[in-house]
Amino acid sequence: MPSDVEEVTVDALFIPGQLQWDVELVKSLFNNRDSNEILAIPLPKSDRCDKWRWIWNSKGMYTVKSGYQYLRSFSQQVMGPSITNWKFVWGLQVLPKIRNFIWRALSDNLPTKVALIARSMDVDPLCGYCNVAEETSIHALVLCPVVKQVWISSELGLRVQSADSMVQWWNAMKRVSSTSEMEYAAALLWSNWQNRNALVWEGSSKPASTVLYRAGSAVADWQSVRAVPSAAVCSNAAAQRRWVKPNSGFVKCNVDASVFRDPAGMSFGGIVRGTNGEFIAAIQDAFVGNFPPLIAEAVGLREVLSWIKERGFASVIIESDSKLLVDAIRSDGEDFTYFGTLVDDCKALLRAISRCSIHFVFRSANCVADSLAKTANSMTGRAEWDLLCPPVIADVMMADLI
Ligand SMILES: [Zn+2]
């Protein structure tokens, strides 16, 4: 490191007086890969003190339990992973068939090609997707390059990049994820296995978007069946599959984000509609950086909420198709991670907007925001519309009203 930058602190990379990365400066100092990682680190909207973060807990906080788990996993790395917390697996709020599937995957009891050969069956050991590696459980569900793409496109991203077995992967994943994230991960493992079966038995598999949709629907369906119909959770319980007009006196704002890889970046869209489904206003923008999908959803929501606040909208129903994000915003727990910082900003903005609430909806009820997010890119910059709807979403918006 040159001696003249030894004393320089991270805030030298911010635009002076603003809590924003100086994109040009970061790009001029670091290579493409590093600058994309740096630019994807979300900065808080308000000044906050630096703090230490414990990486072995999903919320970044040290607890005796997470310390104990870390030490135990450390000894497992030496002794080989064998211990699984079955009580946790059986307590997951997912469909019983998914719990059962996870139990089989973690007991190394799935009929993968390698397992069939071990039972003296005469099959080709190679994975049907890549035709390169042998098909073990960990390869078929996580490590195959084709399956990795599904994880990368999911809200969780690729948190644990390598593991020798499903147990090792599950334990590593559990250390860096909340329970609801593990429920989603369980559904995604199951959905990946359904896709693998379709390939093996029917000769064709579905695209990543279908695998993700099946996992998301499985989680939401089960939770809506189980949810207690109280005022606090009823909107979650009745998650919508189609867009519904807001009640009289309210406007509805749908929000969505999208990530792209080459060049790395994220984009978001927000659209406000009135009681008759009429267009009121919309925004889209994009940022450079290698954003994990869940962080991109949170950044997009924060930007749209600040815009709603600046515009002076009140009585707003916000809808997002990111269940993990909506659940995090509705929970009271502390979270020291980057994601937690964004969630705190979103909570503060929601409180600052009069009569504003946030709800989870299925992706099929969020098509306009999705289209708006996907048409933004880092070259075009921020765009806003008033009264006249952007032409690119006119057809999708009409479809919501039919
Ligand atoms: Zn493969």
Could you work out [θ]222 nm for the chain from helices alone, using -39500 (n - 2.57) per DSSP H run of at least four and dividing by all its residues? Round to the nearest 500 deg cm²/dmol. -13500 deg cm²/dmol
GNM, the chain, Cα, under 10 Å: largest mean-square fluctuation among VAL132, VAL272, VAL288? VAL132
Can you tell me the order of 365-375, 189-199 when each peptide is scored by its average per-residue count of other Cβ atoms within 10 angstrom, highest first? 365-375, 189-199
The stretch 368-402 to the stretch 11-59: how many Å between their Cα centroids? 29 Å
Each residue of the stretch 364-377 in turn: what ³J(HN,Hα) in whole Hz from Karplus with 6.51, -1.76, 1.60 and θ = phi - 60°, glycine and Pro shown as x? 5, 9, 10, 5, 5, 4, 4, 4, 5, 5, 6, 8, 7, 8
Under 5 Å, built H, 5+ apart or other chain: amide partners of HIS359: ILE318, GLU319, SER320
Considering only C-alpha atoms, what is the centroid distance from the stretch 289-323 to the stretch 95-123, in Å? 41 Å
Determine, for each peptide in 382-392, 153-163, the mean count of other beta carbons within 10 angstrom over its residues, then list the peptides with the highest first. 153-163, 382-392
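About its Cα centre, what dipole magnitude does the chain give when the only charges are +1 on Lys and Arg Cβ and -1 on Asp and Glu Cβ, stated in debye to the nearest 20? Intermediate values should be presented prior to the final figure.
Working: 40 positive and 41 negative charges, 308 e Å.
So the magnitude is around 1480 debye.
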I'd like the Karplus ³J(HN,Hα) series for the stretch 112-128: coefficients 6.51, -1.76, 1.60, θ = phi - 60°, whole numbers in Hz, and an x wherever there's a Gly or Pro. 6, 4, 5, 5, 5, 5, 4, 9, 6, 8, 8, 10, 6, x, 6, 4, x
Between VAL176 and THR63, what is the label-to-label distance in nm when each label sits 7 Å out along the Cα-to-Cβ direction? 1.9 nm
Can you give the log10 of the normalised intensity I(q)/I(0) at q = 0.10, 0.14 Å⁻¹, computed with Debye over equal Cα scatterers of the chain? -0.75, -1.36
Could you give each residue of the stretch 345-355 its phi-based ³J(HN,Hα) in whole Hz, using Karplus coefficients 6.51, -1.76, 1.60 with θ = phi - 60°, and x for Gly or Pro? 4, 5, 4, 4, 5, 4, 5, 7, 9, 5, 6
In nanometres, the difference between 0.36 nm per residue of separation and the alpha-carbon distance of ILE41 and LYS245 is 69.9 nm
Report, in listed order, any pair from LYS113/LYS148; LYS87/LYS148; LYS87/LYS174; LYS65/LYS97; LYS174/LYS374 with a Cα-Cα distance greater than 24 Å. LYS87/LYS148; LYS65/LYS97; LYS174/LYS374
Other-chain or far-sequence residues with amide H under 5 Å of GLN240's (modelled H): PHE362
Write out the GluC sites (Glu not before Pro) in the stretch 273-368 meeting two conditions: DSSP loop, and at most 11 other Cβ atoms within 10 Å of their Cβ. GLU334
Amide H neighbours of PHE336 at under 5 Å, excluding residues fewer than 5 places away on the same chain, with H built from the backbone geometry, are GLY60, MET61
According to the square roots a ≥ b ≥ c of the eigenvalues of the Cα gyration tensor, what is the shape class of the stretch 125-222, taking rounded for a/c under 1.5, prolate for a/b larger than b/c otherwise, and oblate for the remainder? oblate
Picking from GLN240, THR341, VAL89, whose Cα lies most toward the positive end of the charge dipole for the chain (charges on Cβ: Lys, Arg +1; Asp, Glu -1)? VAL89
Excluding VAL26 itself, calculate the net charge of residues whose Cβ lies under 13 Å from the Cβ of VAL26, where each Lys or Arg counts +1 and each Asp or Glu counts -1. -3
Arrange the following residues from fewest to most other Cβ atoms within 10 Å of their Cβ: TYR338, TYR184. TYR338, TYR184
With +1 on each Lys and Arg Cβ and -1 on each Asp and Glu Cβ, how big is the dipole of the stretch 265-333 about its Cα centre, in debye rounded to the nearest 20? 100 debye
Of VAL316, VAL326, TRP385, whose Cα points farthest to the positive end of the dipole of the stretch 237-401 (charges on the beta-carbon: +1 Lys, Arg; -1 Asp, Glu; origin at the Cα centre)? VAL316
Cα-projected label distance for ASP34 with LYS148, points at 7 Å along beta-carbon direction, nm: 2.3 nm
Enumerate the lysines that LYS323 could reach by cross-link, defined here as Cα to Cα under 16 Å, with residues fewer than 8 away along the same chain left out. LYS347
Counting DSSP beta bridges with both partners in the chain, what percentage is antiparallel, nearest 5? 70 percent
Using Cα pairs under 8 angstrom and six or more residues apart, how large is the relative contact order of the chain, in percent? 16 percent
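Values in this text are rule-based calculations from the coordinates and carry no lab data. Here the structure is a predicted model, which is why all the values come from computation and not from measurement. Note that we place each Cβ from the backbone using ideal geometry, even for glycine, and neighbour counts take in every protein chain shown.
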